[in-house]
Amino acid sequence: MAVEICEQMGWKSPDYVVYPVGGGVSLVGMWKMFKILERIGWIRKKPRFVAVQSSGCAPVVEAYNHGKEEVNEWKSPRTIANGLKIPKPLAGKWILQSLRDSKGIALKVSDLEIRAAMKRLVKIDGMLLEPSSCAAFAAIPRLHEAKHVDRRESVVVIATGSGMKTIEQF
């Protein structure tokens, strides 16, 4: 994904990559590839990562925002974003390290915000995405409101799955 992103951006990396984190292996792999691309001179800088989870299951967000080295198991996960309903990601320690290395941000969004993003994306952008993907899009307004991201900065949001598999949730 990192190579694809940079290639599509004319061999520049975005300022931010927003990723909905369940197991987190793809986030870790992307971070590793961005580091390689910078090391070999294909890009000048690496992006900051934004890890997004549902407020009903946010073990990575809690661990990162509390400065922990390990991700504790989330008790009683509840969310419409089934792809994010991973109470203890196996890659937890690597996710936290990737976020720290990228000077990243971790935040959680509610199921209401996820559902609103689902509706907004299908109505305005014509994108039918499943709830886990929409969690990442739901985070964008929060990133601007908290002034984490300036509107002039480039942001790539990773959509991880089609809404066809969860059409009943619309």
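List the extent of the Cα atoms of the range 2-160 along each of their three principal axes, largest first, rounded to whole Å.
45, 40, 25
Long-range amide H contacts for L129: which residues qualify at under 5 Å (H placed 1.01 Å from N, peptide plane, sequence gap of 5 or more or a different chain)?
HN-HN under 5 Å from L129: G163.
Which links in K88/K123; K45/K88; K46/K93; K35/K123; K93/K147 stretch past 29 Å when you go from one Cα to the other?
With Cα atoms farther than 29 Å apart: K88/K123; K45/K88; K35/K123.
Given charges of +1 on the Cβ of Lys and Arg and -1 on the Cβ of Asp and Glu, with all other atoms neutral, how large is the dipole of the range 1-92 about its Cα centre, in debye to the nearest 20? Write out the running numbers ahead of the final one.
On the way: 13 positive and 8 negative charges, 23 e Å.
My answer is approximately 120 debye.
Determine, from the Cβ-Cβ distance of M1 and S154 and an R0 of 22 Å, the FRET efficiency 1/(1 + (r/R0)^6), rounded to the nearest 0.05.
The formula returns an efficiency of 0.90 here.
I need R100, R39 ordered by Cβ neighbour count within 10 Å, fewest first.
Working: R100 13, R39 10.
The order, fewest Cβ neighbours first, is R39, R100.
Just subtract the alpha-carbon distance of E69 and D125 from 0.36 nm times their residue separation and send over the number in nm, one decimal. Show your work: numbers first, answer last.
Working: separation 56, 0.36 × 56 = 20.16 nm, distance 3.84 nm.
Stretched fully, the E69-D125 segment lengthens by 16.3 nm.
Taking other Cβ within 10 Å of each residue's Cβ, how do M127, M9 sort, fewest first?
M9, M127
Residue farthest toward the positive end of the dipole of the range 2-160, with Cβ of Lys/Arg at +1 and Asp/Glu at -1: which of G56, G92, A106?
A106
How many nm separate the modelled label positions at K12 and A146, each set 7 Å beyond the Cα in the direction of the Cβ?
Each label point lies 7 Å from its Cα, and together they span 2.6 nm.
Using R₀ = 22 Å, calculate the FRET efficiency as 1/(1 + (r/R₀)^6) where r is the Cβ-Cβ separation of K35 and K88; round to 0.05.
It comes out at approximately 0.30.
Lys and Arg at +1, Asp and Glu at -1: add these up for the other residues within a Cβ distance under 12 Å of G23 and post the number.
Details: positive: K85, K88; negative: none.
Net of charged neighbours comes to +2.
For the chain, give the share of DSSP beta bridges that are antiparallel, in percent and rounded to the nearest 5; count only bridges with both residues there.
That works out to approximately 15 percent antiparallel.
Find out how many positive minus negative residues lie around K32, taking Lys and Arg as positive, Asp and Glu as negative, among other residues whose Cβ is under 15 Å from that of K32. Please report the intermediate quantities before stating the final value.
Values: positive: K35, R39, K46, K93, R100; negative: E4, E38, D101.
The answer is +2.
Quick note: the coordinates plus some simple rules give every number you see, no bench work behind them. Since this is a predicted model, take the numbers as computed values, not measurements. Positions of Cβ are generated from backbone atoms using ideal geometry, with glycine treated the same way; all protein chains shown enter the neighbour counts.
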